[in-house]
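The values are calculated or read from the model by the stated rules, or taken from the named source; none is laboratory data. The model shown is predicted, which means the values in this text are computed figures rather than measured ones. Here Cβ is always computed from backbone atoms with ideal geometry, including for glycine, and neighbour counts include all displayed protein chains. Side chains included, ligands, DNA and RNA excluded: accessible areas come from the protein's heavy atoms. Shrake-Rupley method; radii C 1.70, N 1.55, O 1.52, S 1.80 Å.
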Amino acid sequence: MNNWQHLFNNTADLSVHLKKPYFRYDNKQKEITNIVFDEKANLIWTGDTYGCVSAYNPNFQLYSRYKAHIGDAPVNDILTLRDGILSLSDDSMHMSSRRGVTSFNLTSADISTFSGLKTMCTVSPENETQVYCAGDVVSSGITCIDINKAVVSNMLHYPNKVKFLKSNSKLIAIGQQAGKIELLDYNSNQIIKSFTAHSETLSSIDLRGHTLITTGRSRRLSNSYADPFVNVYDLRNMKQMTPVAFSKGTTMGSGGADFAEIHPVLPTILIVGSHSGSFDFIDLSNPALRTQYVHPGQEIRSLKISPNGNYMVALEEDNHASLWSRSMNTPPVFTNTQELLEYPDFPDDKIFPGPISVDDYAFPLSSVGLPYYHERLLSSWSPVVFDTEGTIPKNVDTKTLPLSSGKQVASKSHLVLQSLNLASKEYPFYKYDKAKFGPRNEAATYKSLKDERRVTTLPINKEKVLEYRTFDINTVPNAYGKLPFTSGKFGSDNFDFASFNRTSFAGLDTDIDNLYTNAIIQLYRFVPEVYNFVVGCLRDENLETSLLTELGYLYDMMGRSGNRVCRSSNFQVALNSLDEASELGIIESSPRYLMCKENSSHHNKDTPQMSVAQNFNSFLLKQLLKDEFECNPHNIALQQCMGFDFNTQIRRKCKHDEYRGNIQPCLTIMSPTRNGVKTNGRKNNNLTIMNYIESSMRMIQQFDSECNVCHRKEVLDHERIITNLPPVLSFDVLLSDQEWLTAKATKNWLATSFYGTVTTQGAILKNNAIELKQFTPVFKYELNGYVARITDPNGETRLVTYSRVLDAKTDTFKWYLFNNYLVVEVDEQEALNISHPWKTIEVIVYCDSEEIRKPFFSVDTYKIDQSILFRDHFAAGVRETNKKEYTLLTKEEAPKAGSLIAIDAEFVTVKRELNEIDCQGTKIIRKAKKTALARLSIVRGEEGPGFGKPFIDDYVVNKNTIEDYLTKFSGIEPGDLNPATSDKTLVTLGTVYRKVWLLMQLGCIFVGHGLSNDFKHININVPKEQIRDTAVYFLQGRRFLSLRYLAFVLLGQNIQEGNHDSIEDAYTALILYKKYLDLKEKGALTAAVESLYEEGRATNYKVPESQS
């Protein structure tokens, strides 16, 4: 492979479009992330960090450019197909023609597995209709997309992070981020072979024919180096061949192989290169014979060879690209099968002798010029002027109107009809069937998408945001609507939560995963038996991941917070960690979530499917029972409170009957007809929810089945009877659309109370206790609350909760509506009204009339286990000999109410912010960044020999994907949070959270800087009287001063010169608090704050760097 020469006159900066003035101040990387040759055209394609895809001709002149991915999502991979260009970002896939016309765009909103995507490949070089894609989110697995239909055609569970995908005609090579290669047979979806390629990670792979090559990196002496050899595998016999040495990487650390590619025409030739710019052409048949080259100029990030093998493109570190060629005389041609490129037609402004026929296909339409107007056109007027639609009414001959019974008065244009019989052949008329379609089934007023977006961008009307009634039955009131996003440029601290909640109860923030779970959490928050049990479990120490424990912390926080907003982020972390939840499809990031959601929303009208919320309700209650048993096998309090005893009998004519029994905390209620109640062909539209519950407690169904004993095929009777009535009744309501219309048309369908008893024939429910006087015992149940699905006119849905709460002062019940962080008191008529077409009940809870009046107990009423404050409890796999920078508390130092402690927390980013920029350049945050607690340090604040010494310095285990360690601000480095590689004192999130929670329970005073942000990410609401925030004490106006600046000016200390250290920050905040008290006592605080800001304005609030 001789005669390769660098084309010095053909170099271009591919990032020029990212250097526009409006990109100057966004502090984002402006890099080219990908570069490839077009397999079908004479073009080079690139992707950048802003989601743009660009095409250049051989002279690097722009051919087309388009925005493929929204927000700041970089382009991670590009495939050039016959029908267009396919690009991939972290959470979306975009297909367009080479001119830039979009064919389809799939995002994480369309496919739930689109998260952390890094690579993709076609199923084979010959089959471009199926594309496999994967990334570094393990729960997403590998997804196959049908390009022709733009839908998911296959999903594979793959429990490893994927960095590369390559395919040949039979197999797909999967390159793992950990350095391993696995071969996937896409016909059987099975892994047939695995190779351990590199010890740390892969840097490139290529697959052509039966040859697979890889380059990667290995770790030596705590440093990462590029491996000096290229691994080669023969896929015919599934064996590794002798590795090929790279000439510039014969010794570790001196420039190993960073990328390698197989020659597209000569399958035995490899192109191996390094970031330093050196690259070799190596013949696999004789590796000793090779040709070596060095790229002039800067280091290179990528090296690609053209489809015909005659050109190479090198992408340098500064985003400049240049070509290498084997021939200097011919015009550059990249592929031997190039297609003709389409270019726009330019209009010819010449004067034509006559009009051109519209049927003349040879005449380009772009040649038709546009007229110039000196006045404003009607089409450009604001929609405020024309805010209603209008059509010219059709003229109707009044003489032909049917009048079976009526008379004409005044004039021919005015008719008074005295009968409803208006049907005729010319004008058929049918009376509205109220029984069939429900009351007032009117079409909703049309509202354009532009108007809907305008409403969402308008400032919040604080006077109307809590309105829960409207005059139009089809209009969703404001209190039920979609709430504004709470996270802005400075987080959610500036959001006005108070306007959405004027009650004494806490709402739940929307900035979490699995948002729909908020409604179910709020529902059981006001069930006394459930609340008291869950919160009471906190008295015992449970440091493992448990929904029961996390729900207890959340309920305790909600009970203490008043009307302050709370977040269920720690509960969501525990929920996301459960494999059973992912398999059930109740985790938004799981592959099954979207499938379950689509099944429940597109079900057959006559055979409804369980919704995601109903599946979560059942899963949550079962998991709480499971956690209760694991914590204390002898305690079944929650099971006795909520457990239904199911007795199932299967009767066959062959007498091989079966009997089964189990306990379930939730019952699915269906209509009496589907429960096997015989109606003899008569319709009864006066049935209430009692009849639905009663029939669901004794369900009889018949099935065609084969006996397991005698193998006789027959019709069997399947009878399920509930043999008890627990104090708390939880129901999932599963009705078809037609059944809901009947229920909504029934007066008092949702009963506020009923009486019940259990017999050998099942449960009997009645409105009055007198009707059950012959039975004992008789229980009275009252409606505690329910969860309803709200459906907007555009089809968007959300869940709200109605809860009936006892007011201890007046000894009366009040109804409250919970829509995430919006909380408003509603009257009973509104709460019991289910006739709205946009409201459908999903989950209902009834409680025993005595249980519902029980008070809500705080965990303070119990003796709490505080032993974790005085001992270590490291995570599994962490060595006890790891270096500790703290001294544990002694019993003599036991904290008490008023004890002063200083705290600081560090975090890492596990998922970046998702945003988009509209046509006016306005940045809109669609989803806030997701962080995780990484380190927590607490120092002693009481005067004495231990003043300022830390007693907690915990690093939190995190085995999930971490996108940004924020090392400069957190001091956390890669590997610090992994038990396998860390030398830190690692603990679980449950351990560190319990320590902070116990200190809050004891009444300690927390000192820190910017504590509102720390407590938000720890997910705890500390009472304001227990907070001493130095960021607030030295605040003037709205600009907060940094801890480093305050320490430099007030204390004369230069902290945070390197990476942040949470112990140093906590101690500095403690000293600043002491300084604050001293200035306040001397009356010099105001002057000191003014001096701080005056000096800050002169120095731009920056601390001079140390000269050492």
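Computed values, structure above
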quantity: Sparsely packed trypsin sites (Lys or Arg not before Pro) within region 742-786, loop by DSSP, other Cβ within 10 Å at most 15; calculated: Lys747, Lys773
quantity: Residues of type aspartates and glutamates that Lys814 reaches as a straight line, Cα spacing below 19 Å, ignoring anything fewer than 8 places off in the same chain; calculated: Glu467, Glu529, Glu782, Glu825, Asp827, Glu828, Glu830, Asp848, Glu850, Glu851
quantity: Built amide H within the under 5 Å cut-off of Gln130, gap 5+; calculated: Val123, Ile147
quantity: Stretch gain in nm, segment Arg82-Lys949, where the contour uses 0.36 nm per residue and the Cα spacing is subtracted; calculated: 305.4 nm
quantity: Residues whose placed amide H lies under 5 Å from that of Ser278, excluding near-sequence neighbours; calculated: His295
quantity: Value of relative contact order over the chain, rounded to a whole percent, pairs C-alpha under 8 Å and six or more apart; calculated: 7
quantity: Solvent accessible area, Å² - Arg712, 1.4 Å probe, full protein context; calculated: 120
quantity: Computed over region 1-74: relative contact order in percent, which uses C-alpha pairs under 8 Å that are six or more apart; calculated: 21
quantity: Region 823-865, accessible area per residue, ligands and nucleic acids excluded (1.4 Å, Å²); calculated: 45
quantity: Inter-label distance for Ile924 and Ile770, nm, one decimal - labels placed 7 Å from Cα along Cα-to-Cβ; calculated: 6.1
quantity: Relative contact order (%) - criterion: Cα under 8 Å, at least six apart; region: region 1007-1091; calculated: 31
quantity: Helix-only mean residue ellipticity at 222 nm for the chain, each DSSP H run of n ≥ 4 adding -39500 (n - 2.57), per residue, nearest 500; calculated: -5000 deg cm²/dmol
quantity: Cα centroid separation, region 264-305 to region 1025-1094 (Å); calculated: 57
quantity: Residue-by-residue Karplus 3J(HN,Hα) for region 984-994, coefficients 6.51, -1.76, 1.60, Hz, glycine and proline x; calculated: 8, 7, 7, 9, 7, 4, x, 5, 5, 5, 5
quantity: Placed amide H near Ala934: partners under 5 Å, 5+ positions off or other chain; calculated: Glu906, Phe907, Val908
quantity: Accessible carbon and sulfur surface of region 934-1002 relative to its total accessible area, %, 1.4 Å; calculated: 51
quantity: Lysine-lysine proximity count for region 632-756, Cα under 20 Å, sequence distance 8 or more or distinct chains; calculated: 4
quantity: Residue-normalised accessible area of region 685-764, expressed per residue, 1.4 Å probe, Å²; calculated: 44
quantity: Set Lys884/Lys968; Lys1024/Lys1074; Lys180/Lys626 screened for pairs whose C-alpha atoms are more than 30 Å apart; calculated: Lys180/Lys626
quantity: Rounded to whole Å, sorted largest first: equivalent-ellipsoid semi-axes of region 524-643, Cα gyration tensor; calculated: 27, 17, 15
quantity: Extended-chain gain in nm, criterion 0.36 nm per residue less alpha-carbon gap, Arg1097 and Gln702; calculated: 134.0 nm
quantity: Computed over the chain, Kirkwood Rh from alpha-carbon pairs, angstrom; calculated: 34.8
quantity: With every protein chain in place, region 760-912: carbon and sulfur % of accessible area (1.4 Å); calculated: 50
quantity: Top positive-direction residue, dipole computed over the chain with Cβ charges, set Ala260, Phe497, Asn768; calculated: Asn768
quantity: For region 492-575, diffusion coefficient by Stokes-Einstein and Kirkwood Rh (Cα), 4 °C, 1.567 mPa s, µm²/s; calculated: 97
quantity: ³J(HN,Hα) computed for each position of region 175-185 - Karplus, 6.51 cos²θ - 1.76 cosθ + 1.60, integer Hz, glycine/proline x; calculated: x, 7, 5, 7, x, 9, 10, 10, 9, 9, 8
quantity: Additional length obtainable on full extension of the chain from Leu289 to Ser194, 0.36 nm per residue less Cα span; calculated: 31.2 nm
quantity: Per residue accessible area in Å² of region 1-129, where ligands, DNA and RNA are left out and the probe is 1.4 Å; calculated: 40
quantity: Inter-probe distance in nm under a simple model that places probes 7 Å from Cα toward Cβ, at Lys884 and Glu942; calculated: 2.0
quantity: Per-peptide average of other Cβ atoms within 10 Å, ordering 192-201, 274-283 highest first; calculated: 274-283, 192-201
quantity: Phi-based couplings in Hz for region 1068-1080 (Karplus 6.51, -1.76, 1.60; Gly and Pro marked x); calculated: 4, 4, 5, 5, 4, 5, 4, 5, 4, 5, 5, 5, 5
quantity: Carbon and sulfur %, accessible surface of region 173-252 computed with the full protein complex present, 1.4 Å; calculated: 47
quantity: Nearest-0.05 FRET efficiency for His157 and Trp4, computed from C-beta distance (R0 60 Å); calculated: 0.85
